Structure formats: C-alpha cells, structure tokens
Amino acid sequence: MNKLYIGNLPEGVTAAELERVFTEHRISFSGRFLVKAGYAFVDCPDEHWAMRAIETFSGKVELHGKQLEIEHSVPKKQRSRKIQIRNIPPQLRWEVLDGLLAQYGTVESCEQVNTESETAVVNVTYANREQTRQALQRLKGQHLESHALRVSYIPDEAAEGGRGAGAGGSPGAPPKAAPPPEVPLRLLVPTQFVGAIIGKEGATIRGITKQSQSKIDVHRKENAGAAEKAISIHSTPEGCSAACRMILDIMHKEAKDTKTADEVPLKILAHNNFVGRLIGKEGRNLKKVEQDTETKITISSLQELTLYNPERTITVRGSPESCCRAEQEIMRKVREAYENDVAAMSLQSHLIPGLNLAAVGLFPASSSPAVPPPPSSPPLSPRSPRFPRSPRSPPETVHVFIPAQAVGAIIGKKGQHIKQLSRFASASIKIAPPDAPDSKVRMVVITGPPEAQFKAQGRIYGKLKEENFFGPKEEVKLETHIRVPASAAGRVIGKGGKTVNELQNLTAAEVVVPREQSPDENEQVIVKIIGHFYASQMAQRKIRDILAQVKQQQQKGQSQSRRK
C-alpha cells in the first residue's frame, strides 16, 4: 500500500511543484510524479511513508489555493472487500463504530492501524465487494463527533498476486506456497526509554530496522499515561532477536546514563494460548530455559487477562547476553505452538465455521496493539492467516446468564447498545424477563450461527468487564445453557462420565449434564457450561460437534433401514 493518488490538483501543476511540497513536509517518495489533469500518482518507499503522506496532506495542505486530497492508489482489479477508514475520533467507543460499520453489511474483521496521527485508523473487511462499495460511498465524508471520515480502498493482495502470476508465471504451473505466517516479537518497554529507542527524528529506530532487516512498530499512542509501551518487531527469528538485542542495549545505556533504573529486565508479550506450552508440565520447560540461559523468568498472572488483552507478560532477568538467549528460546517455543495450532485449526476449521479466528483473538494478530480491539477486530492484521470458510451453519440458540444489575449496560440507552450488538454479530439478542422479582441473574437469549454466537457472547463478556461488574483481578465467568436432544445427552456424558470429563479437561470449562432432568416438550435437555469466554466457546463448539456426529449416525442408520 505504498502507491498514492493525489487529487484536487490545480490546473497546470507540475511534477516539480509536487516534489517541492513533499520535500518541504519531509515526506519521502521514490520515482517520479506522474501528473495528469487534476490528479497525480507517486510511489512512497514503504507503507509507513504512504500513511505519513496521507495524514500530513489530506485536507490540511493547499497548493495554489486548493486542498490536496491524498489516498492509496488502488487499481480497479484490486478493489475487493477491504477499505481503510481514517480520521476516526480517538475517544469513539468500539461499539459505536461496530454499529456504524454493520449498517452496510457483515464485517469480517476490523483492525486498528498504528499511525502517528492523533485520530484513529482502521482497516475493515466486509463479506463481499458490494457491501464494501456501499460502505466506502456512504462513510466517505461522514461526520463523527466533528471529524469527517476519510475512506479509501486497500489493495487486494490476492488479486495483485494473481495478475503477476498471469503475466510472468507459467500457465498451468502450481501456485507458490504461501509463506508461513509470521509471529512478531512483542516487547514491553518502560515509557521513559521510548524516546531513546526512537532517536532524534527516528534515526535510531531506522538504524535498528536497517541492521536487523525488520519492521518495528512502537505503539506510543496507545494506553496514554501508561508506564510501559509495547513494541512489535516483524522479521525472521534471527532479525527479531537482533533488533531485541539492540533495543535492550539502548535501554541499559539509557538507564545507566540517566540513573533512572537499577535493573532493566526484558519483557516479552505472548498470547495466553501459547504460554502453557512454554511453561510445560509442572514448569519443566520454563525451568530448562532458565537453567540453559542463566536467567530468572516470571510470567504474569492469569487474573490480569481480559477479553481485550489476551497477552501475558514474560519477564526475564539476567545479563543482556543471557536475556537475549532466553528470548530466542522463548520465541522458538511460542512459534512452534503457533504453527502447531494453525495446522490443527486448518484441519479442523469446522470448530467455529466461517469465523476468522485470527481476527477475534483465538490466534494473535501479527501487528496487534498492546490492547487488541474487541472481537470484531483484534484485534486484530493484514498478515493474519485465513482459514477455509465453511458453508453457512444453521442458527443456534444459547442462553447466557448475566448479573441482573448488568442488564441496563447490555441494553444501553433506549436500547442502542443491544441493537448495535445485534447488528454487529448478525444475531437475535433478547433479555428474558426475571424468574422472580429478587432474581440475581437474568437470561440473555442469543440466536444465530456459530460466528454470531462468538461475536455476541464475546462482546457481552467484554462489556461486563468494562463496566466493572467483575473486579479488576476477577475473571469474567458466566453460566451458559444449550439445549440438546435427550437421546444425545448420553453421548455428551460418555461412558462413566468419560466424555464430559475430557471436555472439561480440554476446555477448562465446567460442563454439567443434569442426570435427573426431564426432557421438555421438544424432547430436549439442558447442558450447563460455566467458564471464562474462551473456555465456554470451546466447550460449546465441542458439544455441537458431538451432536453433529450423533445426527450424522442417525441419518446414516435411517438411510440403511430404508434400503432394507
């Protein structure tokens, strides 16, 4: 995304004038300006410079009395389902943005982009091209809290790759295998050292980038006032380690020169999904890393995790050389866990049909910020792996029980929040009346396919945490009910309770199938699931999988009976 379209040019403008304007504003460009009547094109060295040009010029800089309009230049063949929305008010709540985007179609992902601007930027992918086209036309120029939105297409890499193959590849030749998805190295550094890491006018960070052949994002704008900031390093494992060593050396030097810290530990952020395998059974893996690298390693508590922050902090103490050796071992295990999970999920994509798992946080996005956006995003990267999409699944009904005092927060003023949530998740969401006047819990009835269930339930968990219905160190655990055919309940329990025990061990959720339960009028019984969001989701999907197998076997048996 480094080719720019420059619009609203005055008549007779020359390439030399455009070069002068870019040079005056210290925006790098490569090659010549291609000037047409009223518009022009130019290439920037990389995506970073393209974004800086857009933020610097659009609607802010005039040339001969006309304000320049700059956006990504995207050929029609590459205009598919992706757009970039800029100039979003930084204080805008995610559910408001979700509701706005959902008006134009099904949002598959919404990823926040790290920029130098004070306003927010997101990349949005819709379910089809028509939805994307409508969103672009309707959102462009729309005002949100006195900010006029700027919207442009994002190039479709698949279309670009296909065109290139057609031009230079051999007809009939098999497509090249996609490179393995990268796992960035994510560091947490004290805020007082960020200036030294970036250097004067970015000179230091550019030097690190060049020497380590990596792309480095310093997330300065996020978590205003926080004592620590996240840094994402995208490169080969060797490149990540080289950049890590340089950053660690800078922090040690700065601490020594300013006498601001006696010790500078290395802090690595890793998604909770992978930390268990890093620790190993009874902590053996972690102990071995400590012994081999002569370091002391601690990992932040599970209680600090939230739906929006699934990362844990791995703190490594020791000499700079020892910390760097530990980083290599830690990230090797994290990458192995990630690759194993991606391979397993590709084979079992039916687990959550039609859902982009990377975008909703089951796998980390490769450039996610320190606190990923809500499940529509995630959080959260154009490099996120794509999983095969399954045919649309039939709707499911799930009952989620929330604290009675939280009903107002879920519904919102005049029902706005629950309406936005329903549109965002493409699900029916209703609050059932209380069972009794003094009832401490209320039932939320959610109807929709698996993807809708994931999004809707995820937002409910997040809202309860956000509104402080659970303590800062308290994990949000809710009770969920799903109804299953009474004839299939035995399969969920398994012989001697074996299946339900395996379910609980695998998902970390409590799964209860009441044995004395009488079937309802539809010959169904309730299965209770109690746990945090990811545990509950995994248990729900596993139970649905068992029910699908039972149904398939019954249909097969009926088919064989008819043949006889």
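The values are calculated or read from the model by the stated rules, or taken from the named source; none is laboratory data. Small disclaimer: the values here were computed from a predicted structure and weren't measured. Reconstructed Cβ throughout: ideal geometry from the backbone, glycine too, with neighbour counts over all protein chains shown. Keep in mind that these areas ignore ligands, DNA and RNA; they rest on the heavy atoms of the full protein, side chains included. Shrake-Rupley method; radii C 1.70, N 1.55, O 1.52, S 1.80 Å.
Select from the stretch 56-72 the residues that are modelled with pLDDT under 75, open to solvent by less than 20 Å² (accessible area, probe 1.4 Å) and not in a strand (DSSP E or B) and list them in ascending order.
The first filter runs over the stretch 56-72 and keeps only residues modelled with pLDDT under 75, leaving 58-59, 72.
Now narrow it down to the ones that are open to solvent by less than 20 Å² (accessible area, probe 1.4 Å): 58, 72.
Result: Ser58, single match.
Go through the stretch 447-467 and give me each residue that's open to solvent by 10 Å² or more (accessible area, probe 1.4 Å) and either basic (Lys, Arg) or in contact with a strand residue (DSSP E or B) (Cβ under 6 Å, 6 or more places away or on another chain) (or both).
If the condition is that a residue be open to solvent by 10 Å² or more (accessible area, probe 1.4 Å) and either basic (Lys, Arg) or in contact with a strand residue (DSSP E or B) (Cβ under 6 Å, 6 or more places away or on another chain) (or both), then Thr447, Arg459, Lys463, Lys465 are the ones that fit.
Inspect all residues belonging to the stretch 234-256 and state whether any of them is assigned to a strand (DSSP E or B) and among the polar types (S, T, N, Q).
So the first thing to find is which residues in the stretch 234-256 are assigned to a strand (DSSP E or B), and the list is 234.
Still in the running and among the polar types (S, T, N, Q): none.
No, that holds for no residue.
Would you call Glu263 of a type outside the set (A, V, I, L, M), in contact with a strand residue (DSSP E or B) (Cβ under 8 Å, 6 or more places away or on another chain), assigned to a loop (DSSP other than H, G, I, E, B) and at pLDDT 85 or above?
When the stated conditions are applied, Glu263 passes them.
Does Ile431 meet the test of being hydrophobic (A, V, I, L, M, F, W, C) and either surrounded by 19 or more Cβ atoms within 10 Å (Cβ to Cβ) or over 28 Å from Glu521 (Cα atoms) (or both)? Give the derivation first.
Numbers: hydrophobic (A, V, I, L, M, F, W, C): yes; either surrounded by 19 or more Cβ atoms within 10 Å (Cβ to Cβ) or over 28 Å from Glu521 (Cα atoms) (or both): no.
Criteria not met by Ile431.
Which residues, counting only those in the stretch 439-456, are under 14 Å from Val407 (Cα atoms) and either in contact with a helix residue (DSSP H, G or I) (Cβ under 7 Å, 6 or more places away or on another chain) or not hydrophobic (A, V, I, L, M, F, W, C) (or both)?
Correct list: Ser439, Lys440, Val441, Arg442, Val444.
Hey, among the residues in the stretch 271-288 that are farther than 14 Å from Ser300 by Cα and touching a helix residue (DSSP H, G or I) at 6+ places or on another chain (Cβ under 8 Å), which one's most open to solvent (accessible area, probe 1.4 Å)?
Arg277
Within the stretch 1-27, which residues are surrounded by 15 or more Cβ atoms within 10 Å (Cβ to Cβ) and part of a loop (DSSP other than H, G, I, E, B)?
Met1, Asn2, Asn8, Leu9, Val13, Ile27
Quick one: which of Gln137, Gln142, Gln112, Gln103 is closer than 22 Å to Ile418 by Cα and either of a type outside the set (Phe, Trp, Tyr) or touching a Ser or Thr at 6+ places or on another chain (Cβ under 8 Å) (or both)? Walk me through it before giving the result.
Values: Gln137 fails: closer than 22 Å to Ile418 by Cα; Gln142 fails: closer than 22 Å to Ile418 by Cα; Gln112 fails: closer than 22 Å to Ile418 by Cα.
Result of the check over Gln137, Gln142, Gln112, Gln103: Gln103.
Somewhere in the stretch 29-42, is a residue in contact with a Lys or Arg (Cβ under 8 Å, 6 or more places away or on another chain), touching a residue at least 12 places away in the same chain (Cβ under 8 Å), not acidic (Asp, Glu) and not in a strand (DSSP E or B)?
Filtering the stretch 29-42 down to residues in contact with a Lys or Arg (Cβ under 8 Å, 6 or more places away or on another chain) leaves 41-42.
Filter again for touching a residue at least 12 places away in the same chain (Cβ under 8 Å), leaving 41-42.
Next, from what is left, pick out any that are not acidic (Asp, Glu): 41-42.
Those left that are additionally not in a strand (DSSP E or B): none.
Within the stretch 29-42, not a single residue is in contact with a Lys or Arg (Cβ under 8 Å, 6 or more places away or on another chain), touching a residue at least 12 places away in the same chain (Cβ under 8 Å), not acidic (Asp, Glu) and not in a strand (DSSP E or B).
Among the residues of the stretch 146-180, which ones are modelled with pLDDT of 50 or more and either buried (at least 18 other Cβ atoms within 10 Å of the Cβ) or among the charged types (D, E, K, R) (or both)?
Leu149, Arg150, Val151, Ser152, Tyr153, Ile154, Pro155, Asp156, Glu157
Can you find even one residue in the stretch 304-311 that is under 22 Å from Tyr338 (Cβ atoms), free of Cβ contacts under 8 Å to residues at least 60 places away in the same chain and surrounded by fewer than 19 Cβ atoms within 10 Å (Cβ to Cβ)?
No, every residue in the stretch 304-311 fails to be under 22 Å from Tyr338 (Cβ atoms), free of Cβ contacts under 8 Å to residues at least 60 places away in the same chain and surrounded by fewer than 19 Cβ atoms within 10 Å (Cβ to Cβ).
Tell me whether the stretch 418-430 contains one or more residues that are free of Cβ contacts under 8 Å to residues at least 24 places away in the same chain and under 23 Å from the mean Cα position of the chain (by Cα).
yes
Show the residue pairs that are 6+ apart or on different chains and have beta-carbon atoms under 6 Å apart, the first residue being within the stretch 448-477 and touching a residue at least 40 places away in the same chain (Cβ under 8 Å) and farther than 12 Å from His532 by Cα, the second being open to solvent by less than 20 Å² (accessible area, probe 1.4 Å) and basic (Lys, Arg).
No pair meets every condition.
Taking only the stretch 530-546 into account, find how many residues are open to solvent by 30 Å² or more (accessible area, probe 1.4 Å) and hydrophobic (A, V, I, L, M, F, W, C).
Count: 2.
Just checking, how many residues over the stretch 193-248 are among the small types (Gly, Ala, Ser), open to solvent by 70 Å² or more (accessible area, probe 1.4 Å) and on the phi < 0 side of the Ramachandran plot?
Adding up the residues that qualify gives 2.
For residues in the stretch 397-419 being of a type in the set (Val, Ile, Thr) and closer than 24 Å to Ile526 by Cα, which is most open to solvent (accessible area, probe 1.4 Å)?
Step by step, filter the stretch 397-419, then rank; the result is Thr397.
Applying the selection to the stretch 201-227, what residues are modelled with pLDDT under 90, out of contact with any His (no Cβ under 9 Å at 6 or more places or on another chain), of a type in the set (D, E, K, R) and outside any loop (DSSP other than H, G, I, E, B)?
Result: Glu201, single match.
Is it the case that the stretch 495-507 has a residue that's touching a residue at least 60 places away in the same chain (Cβ under 8 Å) and of a type in the set (Ser, Thr, Tyr)?
no
Let me confirm something: among Val289, Val275, which residue is under 24 Å from Ala337 (Cβ atoms), touching a Lys or Arg at 6+ places or on another chain (Cβ under 7 Å) and among the β-branched types (Val, Ile, Thr)?
Answer to the selection: Val275.
Just checking, does the stretch 480-491 include any residue being without any contact (Cβ under 8 Å) to a residue 24 or more places away in the chain, open to solvent by less than 60 Å² (accessible area, probe 1.4 Å) and closer than 30 Å to Gln303 by Cβ?
No: the stretch 480-491 contains no residue that is without any contact (Cβ under 8 Å) to a residue 24 or more places away in the chain, open to solvent by less than 60 Å² (accessible area, probe 1.4 Å) and closer than 30 Å to Gln303 by Cβ.
Could you list, in sequence order, all residues of the stretch 30-45 that are hydrophobic (A, V, I, L, M, F, W, C) and open to solvent by 60 Å² or more (accessible area, probe 1.4 Å)?
Leu34, Ala37
Each row is one residue, and each column tells you yes or no for (1) open to solvent by less than 10 Å² (accessible area, probe 1.4 Å); (2) modelled with pLDDT of 75 or more; (3) not in a strand (DSSP E or B).
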position: Ile85; (1), (2), (3): yes, yes, no
position: Pro90; (1), (2), (3): no, no, yes
position: Gly105; (1), (2), (3): no, yes, yes
position: Glu108; (1), (2), (3): no, yes, no
position: Val124; (1), (2), (3): yes, yes, no
position: Gln137; (1), (2), (3): no, yes, yes
